[in-house]
Structure formats: structure tokens, C-alpha cells
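Notes to accompany the following structure.
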Amino acid sequence: MKACKSVAVMTKGDKEPNIANKIVESGMDLGDCIITVAVPNPCVVCMSTRIIKSTYKEYVYDEVGDDIIIWEVVNDKPSNLFIYPKEVWDKVLKLYLEPIKRGEPPGEHLLLIGAPGTGKTALARLASRMLGVNTIELKVTEVKSKYYGETEKNMEKKLNEVIEAEPSVLIVDDAEVFITSRMFTSSYTSGVEMTEVAIKDILFAFLERVIEEKKCVLVIATTNFSPKAIDEALVRGGRFGEPIFIPLPSFNALYEYAKWLLNDEKSAKELAYKCMARGLTIADLKAMVKMLKSGLSPDFKRFGGRGYSRLYAEPVQQLIENNDLPNIISRFFDFSKDKPTTLWFDTPFQVGVAILAQIFMMFKRPALVISDARYPDEFAYSLDVMKAVGVIPTYLPKDIQIYIRMNTQQPLIFIGKESPGIELYSRFLDLSEIANRVGIEPLVRAVSNYYNLPLPEERIKEAERLFKTKTTRVLDILSVMVSSGTLTESSLARLTLK
């Protein structure tokens, strides 16, 4: 049996664990401590063994919808909360954490991508804490120097420290400089450009060395960049695996997090919905909660989002449980298949998006809606990763519409009174047909729920009466709701005079 080079130990109490001269292996529970990682595995603890100690933490899991909730518990008290899509967590756990816990060196390194504030760095640090190993963080500002050749020396020194600290995790946060394609570094003529290429090459060589020498070292890099900007050489064998994309949080994730921070279900639900509708992240929500706890009203204008958001609204049971709607919709679209279907919902965007939110919930299909042209590449990539339907207003520039269609294999639904800026599409739903099948009340409630509008019951009955007597169109009623913020007796009266 070989002597242990390093052992990561999580202690459960105040006493020093007695592991001297013991045969240990990764995952072994010795009562007063747990051996999280042993190098090599198994091995015998001796005088020369480096002991890496940390406080024992318990991790409690729960599932809500498509998300996994992870409670970090210290001394029987929840100390932290993490929420990620189950698919994201399963990949991180099974491809990266479990092999190291079994004493296996990583076969590839972990690259996390996604919008700012989605929890990439938090996930990297959580993974490191779960392993209980040495954690070293690398930022370009720490290694850069104005002196010729010093940046490269600093980079190599930092990476050597990671090897010496084995078992260890290297977190390369905001890794844009390290992982962007070298094609973007023009002709490599300036000193800055040549230095950037050099430190990328040093990192590439380090990634390969760790794998080839079977070091118990995991590199976790995080970036906000689009996958298209990542150097292809990074995701080849012996470097990073397929990038794991962390999407914008779901309503459940925002709600659970807000509920934990605020301890008030009603306030949490309201805040989560507002964040969801604006395409905001967990980090944004934390900032909102901080303002609320300081007695301030959250300033949503400060948070621009990513130009797209998840489509969500409180369900209208009359629509969700209606048996006619699936038959109507199936004439245009099969929600059970992923294919690049392109449809046009010929209705004002503000009205159509509220109706679609209910339809997607009916079929339990995720959907994303883009509101401006800032991040079409991230939007298209998100659709493919989430297997989501894309909702696109026809007021967006024609080239953006075409770009999204060409860069995703998921279905797209364009909404607007003007036709889409692409050549091939089919018409989608007719509001009048839906209203004739289900009545106008569910549609009025759909708009009310999506925009969180007050809706007096007597106005609903009046709108239903007007529609049944063919005095006014359903589109007019829904449009005036959106424009005025509610239904009033005077607004309904004006509609009947048209």
C-alpha cells in the first residue's frame, strides 16, 4: 500500500481526527471525520502526508419542477442555498465531482458559461467545498505585469502552486482572456496581443499536463461569453469538456430563493415574478432583497436583463384544463417534437405573448421571449440547450430575426401585426377562434395574470356580454386592457361605439 501524498478531511467535531497510520480512501467515513479525497487512492496516512482540513458540511437536496435545490448545512443549520437546473447539476456531479470523490483524476476540466449573475462562480466554489480540497482562484489581473515576460512567469508560478496543492481545484473566474478564440487576436503584433496568446498557450499546456500526469486537480473556468467566442482548442480531448450552460433562472428558482431571503411567501412571489418578466438573475434578485430589507423600493430600471426572458404567468385554469385548445394548436404545431417550425401569431405582441404564456404552461414546454436585439446569439443558444420555444416580436430588425432562425433548431413563434422578416413561415392561432371555443373570460384573465393587472369581476362579465352579442372584438378588449392597465366601464363603453 502506497503512502498518502495528500488527504482531504472534513472534520465533524472540535477534536482533531486521528488518522495517523490508517489506510484511507476517498469517501471513507471514520465517524469523527470523512475522507473526501485521498491521493493516491487508497493509501496509508504517514508523517509526510499533507492533511487538508475543512469543516464538515451536509448537503440536503430537494427538487422543484426542473430545478434542484441544494441546502448547505453546517452544525445542523442551513447556511447557504443554491438552485440550478437538474440537468446542469447532474452533469457537474456525475462528470466531475463523483469521479474525484472515487479517487479518479478528472478526464477533462469544467467550463461553465452563461449570463452574468446566473451562479457560475457560486457553483464552482460549491463544487470545491463539496470536495473539501485546496481551492486556488486565478484572475488575469493577478498575473498581468507591465514588465516584459513577467506575465508569463507569474502565470506559470500560479499554475505550479495548483499542482503542488494537489488535490486541488483551480477556479478561473471571468476567464474571457484565457479562453476566447485566438482568431480574435488579430495578427499578434503588439506586446499585449502576444502576451495574451502566450498565457493562453500556458493554460492549454497546463490542462493537458494535469490530465496526462493523472493529477487530482480540477480546473473550473467561468465565462459570460457566447460559446462561439470560445477557442475550439479548449474543448478538445484533454482540456475542457463540453461547456455547461447555466440559463436564466426559472420562476421556481427565483421564488424559492426570494422566499428563503425574505421569509414572506407573498412578497417572494411578487418579487420573483417581476424578476422573471425582466429576464433578471439570482444576483439581481439578491440586490432587490437587499433594497427591500433597507426599506427601499427595488429600482428595476437599474437592471437591464439580457434582452430576453423566460415566458411565465400564473396559470388560468379555464385555459389549462380546456380540452379543445390542444386540438386547435396541434393543427399548427406539435409541442412534443423539436424541429425548426416557424409560425406567425398575427396579433399585437403585448396581447399575443400573454396568450402564449398560458399555452406553453398547458403543454409544459419552456419558452423564451426576446425583447431587444442585444443578445441574439445567447438567445438562440439558450433555446437549443433548454429545448425551449423561441418567441420573437416582429418589430425586431429583419437581420436579427433571420440570425435567430438560422442559429437554432427549436420552434419559433413570431408575434406582431407586421409579418416576420423571414421568407418561410405558417400562420398560427386566431384569437377569435380561441374565444369562440373557450369564451373571452379566460383570455381576459390570461392578460391580467401576465401583466399583473387588477380585474374587477363585473368588467369580466361585461366584456363577455359584449363579445357574445358581437358588439366588439376580443382583440379590441384585450388591447385596451394592455394599453390602459385594466378594464373600466368607460373603456368598454368606448369600444362599443367603434
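Evaluated against (1) closer than 23 Å to Lys144 by Cβ; (2) surrounded by fewer than 21 Cβ atoms within 10 Å (Cβ to Cβ); (3) small (Gly, Ala, Ser); (4) modelled with pLDDT of 85 or more, Ala229 falls short on exactly one condition, (4). The number of residues in the range 470-497 being assigned to a helix (DSSP H, G or I) and not hydrophobic (A, V, I, L, M, F, W, C) comes to 9. Scanning the range 136-157 for residues that are touching a strand residue (DSSP E or B) at 6+ places or on another chain (Cβ under 8 Å) and crowded, with 20+ Cβ neighbours inside 10 Å yields one hit, Leu138. Which pairs have Cβ atoms under 8 Å, sit 6 or more apart or on different chains, and link a residue in the range 21-44 that is among the acidic types (Asp, Glu) to one that is not in a strand (DSSP E or B)? Listed by first residue and then by second, the contacts come to Glu25/Asn41; Glu25/Pro42; Glu25/Gly103; Asp32/Lys12; Asp32/Gly13; Asp32/Lys15; Asp32/Pro17; Asp32/Asn18. When Ala357, Ala367 are checked against the criterion of being crowded, with 20+ Cβ neighbours inside 10 Å and touching a Lys or Arg at 6+ places or on another chain (Cβ under 9 Å), a single residue qualifies: Ala367.
Across the range 453-482, the qualifying residues are those that are without any contact (Cβ under 8 Å) to a residue 24 or more places away in the chain and of a type outside the set (D, E, K, R), and the one among them that is farthest from Gly439 (Cα to Cα) is Val480.
When the criteria are applied in full, Leu123 fails the requirement of being among the aliphatic types (A, V, I, L, M), closer than 26 Å to Tyr375 by Cβ, in contact (Cβ under 8 Å) with a residue 24 or more places away in the chain and touching a Lys or Arg at 6+ places or on another chain (Cβ under 6 Å). Scanning the range 352-362 finds no residues that are without any contact (Cβ under 8 Å) to a residue 24 or more places away in the chain and either outside the structural domain of Pro85 (by TED's automatic domain parsing) or aliphatic (A, V, I, L, M) (or both). Only one entry in Tyr84, Tyr148 is over 24 Å from Val39 (Cα atoms), out of contact with any Cys (no Cβ under 7 Å at 6 or more places or on another chain), assigned by TED's automatic domain parsing to the domain that holds Asn224 and modelled with pLDDT of 95 or more, namely Tyr84. Screening Arg125, Arg102 for residues that are over 30 Å from Lys2 (Cβ atoms) and basic (Lys, Arg) leaves exactly one candidate, Arg125. Within the range 107-120, being surrounded by fewer than 22 Cβ atoms within 10 Å (Cβ to Cβ) and more than 19 Å from Leu280 (Cα to Cα) holds for Gly107, Glu108.
Exactly one residue among Leu285, Leu280, Leu248 is of a type outside the set (Phe, Trp, Tyr), assigned to a helix (DSSP H, G or I) and either farther than 28 Å from Ile220 by Cα or touching a residue at least 12 places away in the same chain (Cβ under 8 Å) (or both), and that residue is Leu285. So, Leu429, is that one surrounded by fewer than 16 Cβ atoms within 10 Å (Cβ to Cβ) and either touching a Pro at 6+ places or on another chain (Cβ under 9 Å) or not in a helix (DSSP H, G or I) (or both) or not? No: the conditions fail for Leu429. Across the range 192-225, the number of residues qualifying as surrounded by fewer than 16 Cβ atoms within 10 Å (Cβ to Cβ) and modelled with pLDDT under 75 comes to 3. How many residues does the range 1-42 contain that are farther than 21 Å from Tyr59 by Cβ and touching a Gly at 6+ places or on another chain (Cβ under 9 Å)? Matching residues across the range 1-42 total 4.
I'd like the residue in the range 22-45 that is modelled with pLDDT under 95, in contact with a Cys (Cβ under 9 Å, 6 or more places away or on another chain) and assigned to a loop (DSSP other than H, G, I, E, B) and, out of all such residues, is surrounded by the most Cβ atoms within 10 Å (Cβ to Cβ). Per the criteria, the residue is Asn41.
The values are calculated or read from the model by the stated rules, or taken from the named source; none is laboratory data. Just so it is clear, the model here is predicted, and its values are computed rather than measured. Positions of Cβ are generated from backbone atoms using ideal geometry, with glycine treated the same way; all protein chains shown enter the neighbour counts.
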